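Values quoted throughout were computed directly from the atomic coordinates according to the rules given, and no laboratory measurement underlies them. Source: prediction; values computed, not measured.
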Amino acid sequence: MLQHVRPAVVLLLLFSALTGLVYPLAVTGIAQLAMPRQASGSLIEKNGVVVGSALIGQNFKSDRYFHPRPSATTDTDPNDATKTIDAPYNAANSTGSNLGPTSQKLVDRVKASVEAWRAMAGPGPVPADAVTTSASGLDPDVSPAAALAQVGSVAKARGLDESKLRQLVEASIERPFLGLIGEPRINILQLNLGLDRLQSS
């Protein structure tokens, strides 16, 4: 019996080492050499201090900043561990709302988001990503339309010239990869950091 068990144990240990140690370390090493910034989490720094990641959105609430799209992430209710509370952009709990198109809760939430958007951006078309959540709840980007619609309210809150702010937004647009893959988008954290630099210059 030992002659049958020994090869199985040896193979288990060998493949555990290969797939659990050697392969992950090799992939990590290659990634660090080929794409060090992305392999380290696409971190964004301000004055030498990490302020976020280009891959994970943040919840900006102030009128002085551009707002991200809504987030459906939650967290444990501090008053009752059996319940959850809304916690936008909670990176420890990436999730969508899982609400279907016939859900009254979804309809009510989108209506409230549309009203809040119109109060901020004024009348006119409402970009879909401005009132809907992403599948992860952590989307760091918005459409150019969603950012451009906020120019007036941010300019007013900061006392900035709208044309300068519009130029900043347009310069922040990331184009589709190779002109084909993906949609034009704007990273909200990077845009807001550019906004702070614009005002301090």
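What number, in percent, do you get for the relative contact order of the chain if the mean sequence gap of Cα pairs under 8 Å and at least 6 apart is divided by its residue count? It would help to have the intermediate numbers written out before the result.
Working: 246 pairs, mean separation 38.5, N = 201.
It comes to 19 percent, rounded to a whole number.
Distance between Cα centroids, region 1-53 to region 142-201: provide it in whole Å.
Taking the Cα centre of region 142-201 as reference, the centre of region 1-53 is 37 Å away.
The list (1) 243; (2) 150; (3) 105 gives values of volume of the Cα convex hull per residue in Å³, and only one came from this structure; which label was calculated from it?
From the options (1) 243; (2) 150; (3) 105, the structure gives (1).
Straight distance only, please: which aspartates and glutamates reach the Cα of LYS46 with their own Cα at less than 14 Å, same-chain residues fewer than 8 apart left out?
ASP196
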